[in-house]
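Enquirer: What follows is a single structure, and I will ask about it in a moment.
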Amino acid sequence: MRPTSRRWTVRLVTGVLGGAIAVLLGATAASAHVHVDGEDATRGGYGVLTFRVPTESATASTTEVTVTLPADHPIASVSVEPVAGWTATVTSARLAKPVTTDDGQVTTYASRIDWKADASAAIKPGEFQRFSVSAGPLPDVASIALPTTQRYSDGTVVAWDQLATGSAEPTHPAPVLALAAAQTPTAPSATSSTADPGSGTATAALAVAVVAVAAALTALVVAIIGLLRGSRRGRA
């Protein structure tokens with residue numbers, strides 16, 4: 001193989017690998033944001049909402065997490081799951097206009113959930129914590145945004161409250177809960193999923209990234225084989 005061809009092959013492989021690594025890093029960064037999943041979260045029903053909160057700072061720990069619940073799609077009842085070392089507080093607010101539900105008229109709603117850590121329970125760099133609540137009745141809409149504020153031990157405050165307006169993800173996207181349409185209960189199928197909370201779109205993005213890296217590695221192997229064969233022909 002001529003030197004020029006060899007350099008071109010090396011540049012091509014380097015570019016492929018660089019692009020694949022960028023995809024993988026992008027997927028990893030996206031999965032690191034505050035995220036919410038809903039177990040059995042259906043429109044008009046009750047469900048378990050799980051917030052996954054990672055500490056993205058390299059030097060400070062997460063000491064407080066605040067979730068704001070929507071006033072335009074109010075949720076009347078919220079019960080928190082205890083988390084060791086954390087104190088949870090649910091704040092209620094009065095609705096400007098009462099809402100009628102299957103359980104009667106609702107005049108107040110859960111407006112905010114605060115979790116505060118004891119000194120030893122803060123989420124350290126490189127770690128994450130799950131916070132779960134049972135909530136309902138959930139609104140009859142396809143999805144709701146749940147802006148979340150994350151406070152760090154060094155005084156830094158990160159507001160996860162931006163909504164996507166196109167294909168690109170915002171810098172600080174608000175957690176968005178997807179709500180499935182209520183369905184008639186059926187027997188569980190053999191293919192039912194028991195995925196861990198928080199897998200959702202982050203898992204899909206990571207899978208795409210892994211495929212990209214695998215393809216890049218395959219291209220690298222092919223290029224190396226080509227280089228070796230070219231070298232052998234040159235010595236022949």
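The values are calculated or read from the model by the stated rules, or taken from the named source; none is laboratory data. Remember, predicted model here, so these are calculated numbers, not experimental data. As a convention, Cβ positions derive from the backbone with ideal geometry for all residues, glycine included, and neighbour counts pool all protein chains shown.
Enquirer: Look at Pro70 and say whether it is within 17 Å of Val176 (Cβ to Cβ), at pLDDT 55 or above and surrounded by fewer than 18 Cβ atoms within 10 Å (Cβ to Cβ).
Expert: Numbers: within 17 Å of Val176 (Cβ to Cβ): yes; at pLDDT 55 or above: yes; surrounded by fewer than 18 Cβ atoms within 10 Å (Cβ to Cβ): yes.
Judged against the criteria, Pro70 is a match.
Enquirer: So if I check each of Gly126, Gly104, Gly155, which one is of a type in the set (Gly, Ala, Ser) and under 23 Å from the mean Cα position of the chain (by Cα)?
Expert: Being of a type in the set (Gly, Ala, Ser) and under 23 Å from the mean Cα position of the chain (by Cα) holds for just one of Gly126, Gly104, Gly155, which is Gly126.
Enquirer: If I filter the stretch 95-110 for residues that are basic (Lys, Arg) and exposed (fewer than 15 other Cβ atoms within 10 Å of the Cβ), do I get at least one hit?
Expert: Narrowing the stretch 95-110 to residues basic (Lys, Arg): 97.
Narrowing the set further to residues that are exposed (fewer than 15 other Cβ atoms within 10 Å of the Cβ) leaves 97.
For the stretch 95-110, residues basic (Lys, Arg) and exposed (fewer than 15 other Cβ atoms within 10 Å of the Cβ): present.
Enquirer: Here is a follow-up. Can you confirm whether the stretch 85-97 contains a residue that is assigned to a loop (DSSP other than H, G, I, E, B) and farther than 20 Å from Gly136 by Cβ?
Expert: yes
Enquirer: I need the full set of residues from the stretch 45-84 which are touching a Pro at 6+ places or on another chain (Cβ under 8 Å), farther than 16 Å from Val34 by Cα and not in a loop (DSSP other than H, G, I, E, B), in order please.
Expert: Scanning the stretch 45-84 gives a single hit, Ser77.
Enquirer: Answer yes or no as to whether Ala117 is modelled with pLDDT of 95 or more, buried (at least 19 other Cβ atoms within 10 Å of the Cβ) and under 20 Å from Thr91 (Cα atoms).
Expert: Taking the combined requirement at face value, the residue satisfies it.
Enquirer: Could you list, ordered by first residue, the pairs with Cβ atoms under 6 Å in which the first is in the stretch 143-157 and farther than 18 Å from Ala60 by Cα and the second is among the acidic types (Asp, Glu) and surrounded by fewer than 18 Cβ atoms within 10 Å (Cβ to Cβ), at least 6 apart or interchain?
Expert: Correct list of pairs: Pro147/Asp161.
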